[in-house]
2 protein chains.
Amino acid sequence: MATIQDVAKRAGVGAATVSRVLSGNGYVKQETRERVQQAIDELHYTPNEMARNLFFRKSSIVAVIVPELAHPFFTEIVNAVEVALSAAGYQAMVCNTFYEQSYELRYIDMLKRQIVDGIIFAAHTSQGLDQYQNLHRPIVGIDRNLGKDIPCVAADHETGGRLAAEELLSCGCKNVVQFVGRKERVVSSYDRRHVVFEKVMKQHGVSCHSVDIYWRSFASDSFQKSAAEAFTKYPETDGVFGADLYAMAAMQYALQIGRRIPEDVRIVAYDGTNATRFMTPGMTAVCQPIEEIARESVRMITDLIQGKELQQNNITLPVTLRRRDSTGAGG
Amino acid sequence: MATIQDVAKRAGVGAATVSRVLSGNGYVKQETRERVQQAIDELHYTPNEMARNLFFRKSSIVAVIVPELAHPFFTEIVNAVEVALSAAGYQAMVCNTFYEQSYELRYIDMLKRQIVDGIIFAAHTSQGLDQYQNLHRPIVGIDRNLGKDIPCVAADHETGGRLAAEELLSCGCKNVVQFVGRKERVVSSYDRRHVVFEKVMKQHGVSCHSVDIYWRSFASDSFQKSAAEAFTKYPETDGVFGADLYAMAAMQYALQIGRRIPEDVRIVAYDGTNATRFMTPGMTAVCQPIEEIARESVRMITDLIQGKELQQNNITLPVTLRRRDSTGAGG
């Protein structure tokens, strides 16, 4: 492989001159410029990108940190973020934490070492806010508050919880169950949907049980187990609210034990990822604006990388209710 | 941020000495070593990873090229590859081609420019085999034959097609439909499952229609449309074989038009990703050994990056049949 020295030698100039031609910075005589270009062409020289990155202290890579890629919400977030980063001239580096804080440290280290220009953070774990605040490097949280100076993009989870509650109330539910993620160390508005859901239910005199769940691998059958446990513990359940995979597992289990949907049990999923769209009966869902979340987080991270001032540090995006058969909406 | 020069100055040595201490290569007096270490600690110096990569001509990043991350098979492949790469000390960089060949060129360019140490290739498009063969850099295909010198890991698709056919035959199917991906420019053993499926069906006097489908975005409703078209064109269909999302859409559509599963229509999915596990009735599937495929491809790419000779250039891994309700197996 030809080096910059090979090009310089063939063109009869110094390596610094070749570098000036490549970068377009600094004066080079037209005739010299042409001679260098000819040498580049003849030697099929490709500039070493890492050398260039080193010079500009930029890698054009953004780390996208998620707990596990196989969860539908994170799959779709990463996919959408990659589309948006790609359009902005950046490359996504996917980083799974696998729910381990030790992995997270490694990615923070990559940012320190300038392997990546920035981090979009959507994992559950957290090494504590100080870790992020003291970095003074480009970081954007998706649904995670990493400290007062670190921007965050999130869906309007309060409205999400309220929409789900109102949908189940309008179906006449009297005994509802919601699957609630265990309190993680990370600060997020995410939990608000459950708080609001329960509040609305209680205001209307409806019994509301919260079933604690843990974030687990998509590959396990923990979703099915949680669904079975909930219906065993609360057999009178006539309404269910939970993240997509829990809602899907609840539908599967309810049908399996002979409950009719929506006559006996109504279900509202949260996130509304594509996985829910293949269910029979059709799955009602509160849909997060995944593409908008991705676009906004990418706009923010690229602005930060390019040293621009952000207009707004916290962005909250609206959710929508998609009504289907599981709450009697038809379709 | 402290530089290597800052460390050298504080320790009263040259930058080359600091570099020797950091790399562990070359002799440095114990006393000098300690002085350098003290300066590193006092200045909170972090070596610039890109500078080190440049020196060693290694980035420890492997590009994983897929058509679209949101397809369940590729989601699970990328997730499993990332787990295996991570365990081997490498970082995955996810590269979607979005079915565009122009994107592919960009990733090949990243390999040329040494941004990545290697490529694991699982996309549909292909710039032609010459592109890859002439690179002489670490590349491994997953289910893609990129040229005679480029290793490939694939599932045993011939057996996969035969298992699906035999399962539907054992249910007494007489009129089957299979969803067949359009012929892509890439060379793959992938299509063999359809050839074998049709052959076995015809050997047993069973009518077998192949419905052409195109790889499309998971986000679209093309799966549902294809399913509706197939049942409209071939209303006598009593058996369906297709990739997970097509099988799932076929189940959804059949139930919607009042067909009973498995009494009227039996379905076998191909890939067996986790998405199929939430269906009611339970979905029978030919399962690809996704984790093994990922492990083997990572073993091969890291061997190639480290300059080791591969024992074997082509690896074929066994598939398994997971029997569920959709072919009357219960569960």
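Since every read-out is calculated from the coordinates, none of them should be taken as a lab result. None of these values were measured; they are calculated from a predicted model. Here Cβ is always computed from backbone atoms with ideal geometry, including for glycine, and neighbour counts include all displayed protein chains.
With unit charges on the beta carbon (Lys/Arg positive, Asp/Glu negative), name the residue among B:His71, B:Thr237, B:Thr280 whose Cα is farthest towards the positive pole of the charge dipole of chain B.
B:His71
Once you have the Cα-Cα distance between A:Asp109 and A:Lys199, take 0.36 nm times their residue separation minus that, and quote the gain in nm to one decimal. If you can, show how the numbers build up before the last one.
Numbers: separation 90, 0.36 × 90 = 32.40 nm, distance 4.16 nm.
Value of the extension gain: 28.2 nm.
What angle do you read, to the nearest 10 degrees and between 0 and 90, between the alpha-carbon axis of helix A:290-305 and the longest principal axis of chain A?
The angle comes out at about 30 degrees.
Over all directions, average the projected area of the Cα convex hull of segment A:4-47 and note it in nm². Spell out each step's value before the answer.
Values: hull surface 10.2 nm².
Spelled out: convex hull of the Cα atoms, projected over all directions, averaged, 2.5 nm².
Exposure proxy check: A:Asp303, B:Asp212, B:Asp271 ranked by fewest other beta carbons within 10 Å?
With the sparsest Cβ surroundings first, the list reads B:Asp212, A:Asp303, B:Asp271.
Longest span of chain A, sites excluded, free of trypsin sites (Lys or Arg not before Pro) in DSSP loop with at most 12 other C-beta atoms within 10 Å? Please report the intermediate quantities before stating the final value.
Values: sites that count: A:Lys29, A:Arg57, A:Lys148, A:Arg182, A:Lys183, A:Arg185, A:Arg260, A:Lys308.
With trypsin sites (Lys or Arg not before Pro) excluded where exposed in loops, chain A gives A:58-147 as its longest stretch.
Could you pull out every residue, at least 5 positions away or on a different chain, whose amide H is within less than 5 Å of the one on B:Arg322? Hs are placed 1.01 Å off N in the peptide plane, and Pro or chain starts have none.
B:Ala285, B:Val286, B:Cys287
Please identify the GluC sites (Glu not before Pro) of segment B:198-271 that satisfy two criteria: DSSP loop assignment and at most 11 other Cβ atoms within 10 Å. Which are they? All intermediate terms of the calculation are to be shown ahead of the outcome.
Working: sites: B:Glu198, B:Glu229, B:Glu236, B:Glu263; in loops: B:Glu236, B:Glu263.
When the GluC sites (Glu not before Pro) of segment B:198-271 are filtered for loop state and at most 11 Cβ neighbours within 10 Å, B:Glu236, B:Glu263 remain.
Dipole size in debye (nearest 20) for chain A around its Cα centre, Lys and Arg Cβ +1, Asp and Glu Cβ -1?
Working: 37 positive and 38 negative charges, 110 e Å.
Computed charge dipole of chain A: roughly 520 debye.
In units of 2.2 N^0.38 Å, what is the alpha-carbon radius of gyration of segment B:172-331? Present the calculation step by step, with values, prior to reporting the outcome.
Numbers: Rg = 17.5 Å, N = 160, 2.2 N^0.38 = 15.1 Å.
The value comes to 1.16.
Dipole of segment A:4-47, Cα-centred, from +1 at each Lys and Arg C-beta and -1 at each Asp and Glu C-beta, to the nearest 20 debye?
Charge dipole of segment A:4-47: 160 debye, to the nearest 20.
In chain B, with Lys and Arg counted as +1 and Asp and Glu as -1 at Cβ, which of these residues, B:Ala269, B:Asn96, B:Leu111, has the Cα nearest the positive end of the dipole, that is, farthest along it?
The Cα lying farthest towards the positive end belongs to B:Leu111.
How big is D, in µm² s⁻¹, for segment B:255-331 by Stokes-Einstein at 25 °C and 0.890 mPa s if Rh is the Kirkwood radius over C-alpha pairs? Before the final figure, lay out the partial values.
Working: Rh = 14.8 Å.
Using the Kirkwood radius from Cα pairs, D works out to 166 µm²/s.
Give me the angle, in degrees from 0 to 90, between the Cα long axis of helix B:72-87 and the longest principal axis of the Cα atoms of chain B, rounded to the nearest 10.
30 degrees
What length, rounded to one decimal in nm, is gained on full extension from A:Arg299 through to A:Asp221, with 0.36 nm per residue of separation minus their alpha-carbon distance? Intermediate results must be reported in sequence, preceding the final value.
Values: separation 78, 0.36 × 78 = 28.08 nm, distance 3.70 nm.
Taking 0.36 nm per residue and subtracting the Cα distance, the gain is 24.4 nm.
Helix B:157-170 versus the longest principal axis of chain B: what angle, 0 to 90°, nearest 10, using Cα atoms?
30 degrees
Note the distances from B:Gln133 to each other copy's matching label point, with points 7 Å along the Cα-to-beta-carbon direction, in nm, sorted shortest first.
Sorted ascending, the copy-to-copy spacings read 6.0 nm.
For B:Ile139, enumerate residues with amide H under 5 Å from its amide H, sequence gap 5+ or separate chain, H modeled in the peptide plane.
B:Ile119
Using a simple spin-label model with points 7 Å from Cα along the Cα→Cβ vector, what separation in nm is obtained for A:Leu22 and B:Leu135?
Each label point lies 7 Å from its Cα, and together they span 2.1 nm.
Once you charge only the Cβ atoms, +1 for Lys and Arg and -1 for Asp and Glu, what is the size of the charge dipole of the protein assembly as shown about its Cα centre, to the nearest 20 debye?
Details: 74 positive and 76 negative charges, 216 e Å.
Approximately 1040 debye in magnitude.
If you wrap a convex hull around the C-alpha atoms of the protein assembly as shown and split its volume per residue, what is the figure in Å³? It would help to have the intermediate numbers written out before the result.
Numbers: hull volume 114.8 nm³, N = 662.
With only Cα atoms used, the protein assembly as shown gives 173 Å³ per residue.
Considering all projection directions equally, how large on average is the shadow of the alpha-carbon convex hull of chain B, in square nanometres? The partial results should precede the final answer.
Values: hull surface 82.4 nm².
Projected area, direction-averaged: 20.6 nm².
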